[in-house]
Amino acid sequence: MRFRHADTLRAQYPELTAGVLYADRVDTPADTGPAAAAHLARATARLAGATEGEFPEVLAWRRTFSRMGLKPTQYRCASESLLRRLRREGSLPRIHPVVDLCNAVSVAYAVPVAALDADRIAGPLLEVRHARGDEHYTPFGGGTEHPAPGEVTFVDAEGRAHARRWTHRQSGHSAVGPHTRRVLVVTEAMHDEGARTVQELLKTLAAELTAHWPTGTETAVLTAAEPEFTFPD
């Protein structure tokens, strides 16, 4: 299975830095609560000095959403939404040990982190690209939506969209849950220090996953020169 960003998308957004992580055997019981709490505490400390809307990581995604023709205060990138909830409520909901860890790391680094059930992706290619309009997306509440033509989404070989509006919202179809055995995690940054942030985030998340599950991880920082990541089908 291959993961990549379309060449046209990279040409349009040359500031993009993307990181990918693959892990298997994450279906055994694990308590990621204490680890997640430590990352949430780091984010909370940062929020004490500024709101998420002032973070350069978030501002960069707001500019990206504006370039996509979206109102950035109506459609927020996932990390901004999580940071906003953390600032207002003081915590994040518990969903699944892997998701909880990914969400906590996401707010600690202030960049979007998407965790997908790798067995719910149709190979041989998952590509981040502009939608044609015929892709099908499954909201968490059920039903089917079709991304608007030109909208950025994650599309697999069966034309299934695994996200809406790029980093705004994931699909319920590939959401990590009790059935999940293998995960593909994607993080994307647009700010000036994005390459460093993505590298540090991948290192942190890989260490957390191997500390909580009997898994090996594979990671990569994708670039225009090396735009693809291959993981087991």
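The values are calculated or read from the model by the stated rules, or taken from the named source; none is laboratory data. Every value quoted in this text rests on a predicted model; they were computed, and no experiment measured them. Cβ coordinates were reconstructed from backbone atoms using ideal geometry, including for glycine residues, and neighbour counts include every protein chain displayed. The area values use the complete protein model at the heavy-atom level, side chains included, leaving out ligands, DNA and RNA. Shrake-Rupley method; radii C 1.70, N 1.55, O 1.52, S 1.80 Å.
Structural remarks
- Estimated dipole of the chain in Debye, rounded to 20 [Cβ of Lys and Arg +1, of Asp and Glu -1, Cα centre]: 680
- LYS203, LYS71, ranked by accessible area, largest first (probe 1.4 Å): LYS203, LYS71
- Linear extension gain, THR73 paired with ARG88, 0.36 nm per residue minus alpha-carbon span: 3.8 nm
- In sequence order, the range 96-101 has phi-based couplings of 7, x, 5, 5, 4, 5 Hz under the Karplus curve 6.51 cos²θ - 1.76 cosθ + 1.60, θ = phi - 60°, and Gly or Pro positions carry x.
- GLU226 accessible area, 1.4 Å probe, all protein chains in place, Å² to nearest 10: 130
- Note that the range 117-166, at 20 °C in a medium of 1.002 mPa s, gets a Stokes-Einstein diffusion coefficient of 201 µm²/s from its Kirkwood radius over C-alpha pairs.
- Efficiency of FRET from Cβ geometry, ALA6 and THR210, R₀ 41 Å, rounded to 0.05: 0.85
- Estimated inter-spin distance, ARG181 and ALA195, nm [label 7 Å along Cα→Cβ]: 3.8
- Carbon plus sulfur fraction of accessible area for the range 1-146, probe 1.4 Å, in percent: 51
- Subtracting the Cα-Cα distance of ALA38 and GLU226 from 0.36 nm times their residue separation leaves 64.4 nm of extension gain.
- Förster radius 25 Å - calculated FRET efficiency between GLU145 and ARG63 (Cβ-Cβ, nearest 0.05): 0.45
- For the pair GLU218 and ASP134, the difference between a 0.36 nm per residue extended length and the Cα-Cα distance amounts to 27.0 nm.
- Solvent-accessible surface of protein heavy atoms, probed at 1.4 angstrom with all chains present, puts ARG85, ARG164, ARG132 in the order ARG132, ARG85, ARG164, largest first.
- Over the chain, the Kirkwood radius and the radius of gyration, each from Cα atoms, give a ratio Rg/Rh of 0.93.
- Counting only protein heavy atoms and a 1.4 Å probe, the range 45-191 has 40 square angstrom of accessible area per residue.
- Note on ALA157 and ARG25: the model spin-label points, each 7 Å out from Cα along the C-beta direction, lie 2.7 nm apart.
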